[in-house]
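Participant: Questions regarding the structure given below will be posed in turn.
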Amino acid sequence: MSGDRELDVVVFGATGFVGRLVAGYLAGHAPGEVRIGLAGRSERRLADIRAGLGGATSAWPMLLADSADPVSVAALARAARVVVSTVGPYRAQGLGLVEACAAAGTHYADLTGEVLFIRDSIDRCNDVAAGSGARIVHCCGFDSVPSDLGVLMLHQAACTDNAGDLQDTTLVVTALRGGISGGTLASLMGQQDEMRASAERRRVVEDPYGLSPDRAAEPDLGDERDLAWVRYDGDLRMWTGPFVMAGLNTRVVRRSNALQGWAYGRRFRYREVTGFGAGPAAPLLAGAASTALKAAEAGLAFGPSRAMLGPLLPAPGQGPSEKTRRTGFFRMQIHTCTSAGARYLGTIEARGDPGYAATAVMLGETALCLALDRDQLPDGAGVLTPATAMGAALAARLRSAGHILATRQITQ
Ligand SMILES: NC(=O)c1ccc[n+]([C@@H]2O[C@H](COP(=O)([O-])OP(=O)(O)OC[C@H]3O[C@@H](n4cnc5c(N)ncnc54)[C@H](OP(=O)(O)O)[C@@H]3O)[C@@H](O)[C@H]2O)c1
């Protein structure tokens with residue numbers, strides 16, 4: 001890893017909706033000695049963003065790069081020790097930068113929620129990054145940091161107690177309030193289009209181990225499909241429904257397990273659901289929320305319904321209002337049972353719109369963690385996950401930033 005770079009951290013996509021928030025977070029929270037730059041394809045828009053950040057950021061360099069121009073992307077990758085990218089949809093815009101960072105030995109982090117992009121990144125960049133020492137870390141926002149760090153913490157608690165391997169493990173979203181941006185919708189629709197055009201690509205997305213480093217070595221634990229509809233869960237003693245990000249987060253967590261030599265366990269069964277409680281209204285609530293989710297997915301899947309919904313939805317560059325970002329929140333629990341019969345409960349919570357305010361904290365702290373915490377990071381390079389690239393170091397940073405990440409053993 002080169003220490004002679006012009007900058008420590010560059011935010012690529014600083015003119016976009018979430019890029020602006022990440023730049024704003026770094027402006028307010030990065031230690032003064034961290035050398036930060038803003039990158040994008042328009043000097044004028046970058047200058048406007050930088051002027052809006054105010055204070056010492058007026059000295060932050062601006063770097064011009066267009067993802068369609070490999071020479072500019074390669075120069076960007078060589079300019080900094082860490083590049084964080086919010087230029088999406090990533091499948092269309094992102095692979096060139098990952099390749100450039102892998103080749104240059106530059107750490108890279110992003111906010112992608114696109115399984116197909118991550119699969120391509122693994123297949124094309126893992127070995128090069130492993131050789132150069134670069135940590136390529138996808139999914140460093142609400143998807144999939146809480147899931148990935150939450151399960152890692154449970155594993156570490158079980159190890160400390162000598163309580164055996166993790167087995168049945170379920171993340172339950174118990175409360176969530178927030179909005180969505182145009183860039184996220186564009187990324188979602190891009191993956192839907194690719195799945196419709198290719199049965200092979202659809203199989204990758206639907207495979208519970210679609211992001212595995214070694215698919216043939218994964219255990220056969222029976223049906224591990226994500227929950228598709230409302231169900232009363234006897235173990236959790238509550239009504240549950242699908243969670244919109246389960247199809248990504250579960251793959252990331254299973255990849256973390258495999259990258260650590262299946263340290264969580266070979267019988268680690270992981271799922272994510274939304275919890276609706278056990279009261280009399282719970283099945284109705286679960287049914288209504290699950291119907292709304294299916295309707296939104298179907299509405300975004302096809303051209304005619306997209307065209308009808310278009311005027312109602314945010315365009316690229318737009319996203320939740322300041323009030324929505326400020327008043328949003330999420331709360332999650334992770335329940336696990338170990339091979340020795342011990343039970344643990346993980347709690348992960350944060351204030352602020354999960355996908356935007358809380359995500360800006362997660363990606364901002366990821367950038368600082370990769371740039372500053374070198375001695376505390378787990379060994380490894382290549383296409384990693386938040387848990388395997390940063391693990392406890394990122395969890396400590398997020399706690400300092402006000403996020404709750406806790407575990408406790410429960411007795412029954
Ligand atoms: N996982 C999570 O929790 C989470 C949360 C939020 C967002 N996201 C993801 O983050 C991504 C960005 O979302 P967003 O809402 O911020 O999108 P956005 O507002 O549309 O921003 C996209 C950014 O990409 C830049 N860009 C587009 N094409 C480019 C090119 N050819 N070269 C260089 N830059 C280019 C845009 O620059 P211009 O200003 O020049 O157009 C803009 O800065 C999406 O993929 C979204 O799904 C994930």
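Participant: Regarding residue 295, is this residue at pLDDT 95 or above, surrounded by fewer than 22 Cβ atoms within 10 Å (Cβ to Cβ) and of a type in the set (A, V, I, L, M, F, W, C)?
Facilitator: In short, no.
Participant: While we're on this one: Name the residues in segment 119-140 that are touching a strand residue (DSSP E or B) at 6+ places or on another chain (Cβ under 8 Å), within 16 Å of the ligand (Cβ to nearest atom) and not hydrophobic (A, V, I, L, M, F, W, C), would you?
Facilitator: 121, 138, listed by residue number.
Participant: For residue 173, only one of the following conditions fails: (1) within 12 Å of the ligand (Cβ to nearest atom); (2) of a type in the set (Val, Ile, Thr); (3) outside any helix (DSSP H, G or I). What is its number?
Facilitator: In the conditions (1) within 12 Å of the ligand (Cβ to nearest atom); (2) of a type in the set (Val, Ile, Thr); (3) outside any helix (DSSP H, G or I), residue 173 misses (1) alone.
Participant: May I pose another question? Can you name the residue in segment 237-257 that is buried (at least 16 other Cβ atoms within 10 Å of the Cβ) and farther than 20 Å from residue 114 by Cβ and is also nearest to the chain's Cα centre (by Cα) among such residues?
Facilitator: Of everything passing the filter in segment 237-257, 257 is nearest to the chain's Cα centre (by Cα).
Participant: Picking from 209, 232, 270, which residue would you name as being more than 16 Å from the ligand (Cβ to nearest atom), open to solvent by 40 Å² or more (accessible area, probe 1.4 Å) and among the aromatic types (Phe, Trp, Tyr)?
Facilitator: The unique qualifying residue is 232.
Participant: Starting from segment 51-63, take each residue that is touching a residue at least 24 places away in the same chain (Cβ under 8 Å) and list its partners that are of a type in the set (Phe, Trp, Tyr) and open to solvent by less than 50 Å² (accessible area, probe 1.4 Å), counting only C-beta distances under 9 angstrom and pairs at least six apart or across chains.
Facilitator: Qualifying pairs under 9 Å: 53/60; 63/12.
Participant: So the check is Cβ under 9 Å with 6+ separation or different chains; which pairs have a first residue in segment 349-360 that's on the phi > 0 side of the Ramachandran plot and a second one that's among the hydroxyl-bearing types (Ser, Thr, Tyr) and near the ligand (Cβ under 10 Å from one of its atoms)?
Facilitator: Cβ pairs passing all conditions: 352/359.
Participant: Scanning segment 312-348 for residues that are β-branched (Val, Ile, Thr) and either free of Cβ contacts under 8 Å to residues at least 12 places away in the same chain or open to solvent by less than 20 Å² (accessible area, probe 1.4 Å) (or both), which turns out nearest to residue 171 (Cα to Cα)?
Facilitator: 334
Participant: Now for a separate question. Hey, among 252, 273, which residue is touching a residue at least 40 places away in the same chain (Cβ under 8 Å), part of a strand (DSSP E or B), under 25 Å from residue 185 (Cβ atoms) and in contact with a strand residue (DSSP E or B) (Cβ under 8 Å, 6 or more places away or on another chain)?
Facilitator: After applying the criteria, what remains is 273.
Participant: Could you figure out which of (1) in contact with a Leu (Cβ under 7 Å, 6 or more places away or on another chain); (2) without any contact (Cβ under 8 Å) to a residue 24 or more places away in the chain isn't true of residue 30?
Facilitator: Among (1) in contact with a Leu (Cβ under 7 Å, 6 or more places away or on another chain); (2) without any contact (Cβ under 8 Å) to a residue 24 or more places away in the chain, the lone unmet condition for residue 30 is (2).
Participant: Given the options 63, 97, name the one that is within 23 Å of the chain's Cα centre (by Cα) and either basic (Lys, Arg) or open to solvent by less than 50 Å² (accessible area, probe 1.4 Å) (or both).
Facilitator: On inspection, the qualifying residue turns out to be 97.
The values are calculated or read from the model by the stated rules, or taken from the named source; none is laboratory data. These figures come from a predicted structure and were not determined experimentally. Cβ: placed from backbone, ideal geometry, glycine included. Neighbour counts: every protein chain shown. Each accessible area value is taken on the protein alone, full model and side chains, heavy atoms only, with ligands, DNA and RNA left out. Shrake-Rupley method; radii C 1.70, N 1.55, O 1.52, S 1.80 Å.
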